[in-house]
Structures are given as structure tokens and as C-alpha cells.
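Colleague: Can you read through this structure? Questions will come right after.
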Amino acid sequence: MSAEACERGTSGQGSVGQGSAAQASTGHDPVAHDPTLRTQLESLAASNGSPEWLRRAQAPGDDSVRDAAVLMLFGKGGQPRTDAGRAESSRLADFGVDDVDIVLLQRASTLRNHPGQVAFPGGRRDPEDDSLVAAALREAREEAGIVPSTVDVLGQMDPLYIPVSKFQVTPVIGYWAQPGAVRVMDTAESYSVYRVSAADLVAPANRGTFSRPDLKITTPAFDVGVLKVWGFTAGILDFALEHLGWAGEWDRDLHIDIDF
């Protein structure tokens with residue numbers, strides 16, 4: 001659940017950043033079902049994995065811990081926005097994933113928890129949610145306009161505890177065979193929403209690390225032009241890209257600056 005964006009989105013891939021709010025409507029992408037990608041994502045869902053550094057925090061056994069879920073939604077049809085991503089597309093074409101994208105959003109700066117950070121769509125589980133999957137799908141609809149019935153849920157990864165907000169967060173893996181529009185639904189919740197190309201995420205020039213001395217953490221980071229990702233979301237993305245076999249070598253000593 002967890003940094004910057006302001007670009008006019010392209011069809012089916014993004015939103016418009018304007019001041020403190022963002023909104024755009026995009027068309028439906030006629031992308032055929034891809035069994036190869038779906039099989040890869042099923043493997044990710046079955047991994048029950050996450051980076052070791054995110055597993056270190058243990059949730060206390062009391063009522064202060066709140067359940068939450070995020071939707072890691074992968075589809076096809078996305079194109080890289082950065083030169084580095086475009087250069088990486090030919091390598092990803094060997095895996096058949098050069099046009100794969102994932103939905104990411106930048107949270108509103110006025111939110112109480114993780115303001116302004118980049119995150120997967122998601123949030124806390126409400127009493128009316130039958131399951132964590134239901135919570136992730138509801139939040140994805142409320143935050144990014146994703147229609148739950150269009151998402152093929154493939155499973156979920158191990159929950160992870162985030163001490164700063166006291167959420168126990170479960171990543172839910174989704175496959176979007178027919179990707180649709182993503183857009184900001186409520187400016188009180190989200191500043192911008194994008195379908196981010198996997199090529200932009202794995203491009204070595206777009207990757208590095210980010211440190212928060214006040215939180216005593218250093219995390220992977222991504223700068224994909226319209227967003228800068230760090231923290232929980234970057235950690236999960238880093239793990240997923242490695243597990244899927246899409247990631248290449250990148251410089252872990254490269255620092256990515258992120259403003260708050």
C-alpha cells in the first residue's frame with residue numbers, strides 16, 4: 001500500500017495529473033486471452049513469497065492489527081513511456097511479455113496513511129467484505145474504476161505486516177484478459193492512476209534504491225517517468241519481477257530521489 005506522477009495518460013493506460021487531483025477516461029483494449037502470461041502469474045500467486053526484508057516485522061497479537069488487501073493486476077496492451085523501457089522491450093519479447101502492464105496509483109497527499117505514495121489499488125477490509133479478495137476488488141473499483149467481474153483472480157501471496165500503519169496486507173494476484181480504462185474515481189483517495197509497462201519497471205536505468213533515515217529503511221525503487229515507487233509496493237514488485245524471470249541486472253547502489 002504504498003510516489004510521483006503528472007502526465008496526460010495515453011489510451012487505456014493512465015490518468016491526467018492536474019494540481020492535486022487527477023482524472024481521465026480511456027477506452028477498452030481488445031486484448032486476447034494469453035495463456036502463457038496467465039500461467040506465469042499463477043506461479044507467482046502460488047509462490048506464497050515476498051522479500052525477506054518485508055517479512056521481518058511481526059504483527060502483534062492484539063486488536064490493533066487491521067486486515068487489508070491490494071490487487072496486483074496484470075494485463076497486456078501497455079507500452080513503455082521511457083526510452084529505457086523501450087530499449088528493454090526487445091528482451092521481454094523473448095518471454096512474450098513486452099506489452100504487459102500492471103496497475104499502480106499515487107495515493108492522495110491528504111490521506112492519513114502513506115500519503116502521496118505509489119501503491120497497488122487496495123485498502124483495508126471492511127465488515128461487508130466476504131474475503132480479502134473481495135476487499136481488494138472493491139477497493140480497485142473505488143480507487144481506479146476497475147470492474148471486479150473483469151478480473152481473473154489467480155490467488156494471493158503471504159500477508160505482510162506494515163508497522164507504521166498497523167495493517168496486515170495480503171497481495172492478491174489478478175489477470176486482466178480484457179484490460180479496460182483506469183482512472184481516478186475519488187480525488188480524496190487517489191491523485192493519479194496508471195497502467196505501467198513491465199518494460200519500464202525492469203529497465204535497469206529506471207531502477208535503484210531509496211532510503212528513509214527516519215524510518216531506518218532502504219528499499220528498491222523504480223522511476224518510470226510518471227511515477228516513482230518505493231517501500232512496500234517496490235519490494236513486492238521487485239520480488240514479483242524476479243520470480244517471473246522478467247528482471248535483469250540493475251545497480252543497487254544507484255539512488256533514486258523521491259520528494260514528499
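Colleague: When you scan the range 214-230, do you find a residue that is among the aromatic types (Phe, Trp, Tyr) and over 23 Å from GLY123 (Cβ atoms), even just one?
Modeller: Within the range 214-230, not a single residue is among the aromatic types (Phe, Trp, Tyr) and over 23 Å from GLY123 (Cβ atoms).
Colleague: For ASP129, all conditions in the list (1) open to solvent by 20 Å² or more (accessible area, probe 1.4 Å); (2) assigned to a loop (DSSP other than H, G, I, E, B); (3) modelled with pLDDT of 90 or more hold save one; what is the number of the exception?
Modeller: For ASP129, the failing item is (1).
Colleague: Any residue in the range 46-66 that's over 20 Å from VAL172 (Cβ atoms) and open to solvent by 40 Å² or more (accessible area, probe 1.4 Å): show its pairings with residues that are at pLDDT 70 or above and outside any loop (DSSP other than H, G, I, E, B) at Cβ separation under 9 Å, as long as the two are six or more apart or on different chains.
Modeller: TRP53/ILE217; TRP53/THR218; TRP53/THR219; TRP53/GLY235; GLN58/TYR161; PRO60/TYR161
Colleague: Within the range 61-80, which residues are over 30 Å from VAL164 (Cα atoms) and either in contact with a helix residue (DSSP H, G or I) (Cβ under 6 Å, 6 or more places away or on another chain) or among the hydroxyl-bearing types (Ser, Thr, Tyr) (or both)?
Modeller: Listed by number, the list holds a single entry, PRO80.
The values are calculated or read from the model by the stated rules, or taken from the named source; none is laboratory data. Predicted, not measured: the structure shown is a model, and the values here were computed from it. Heads up, the Cβs are rebuilt from the backbone with ideal geometry, glycines too, and the neighbour counts pull from every protein chain shown. Each accessible area value is taken on the protein alone, full model and side chains, heavy atoms only, with ligands, DNA and RNA left out. Shrake-Rupley method; radii C 1.70, N 1.55, O 1.52, S 1.80 Å.
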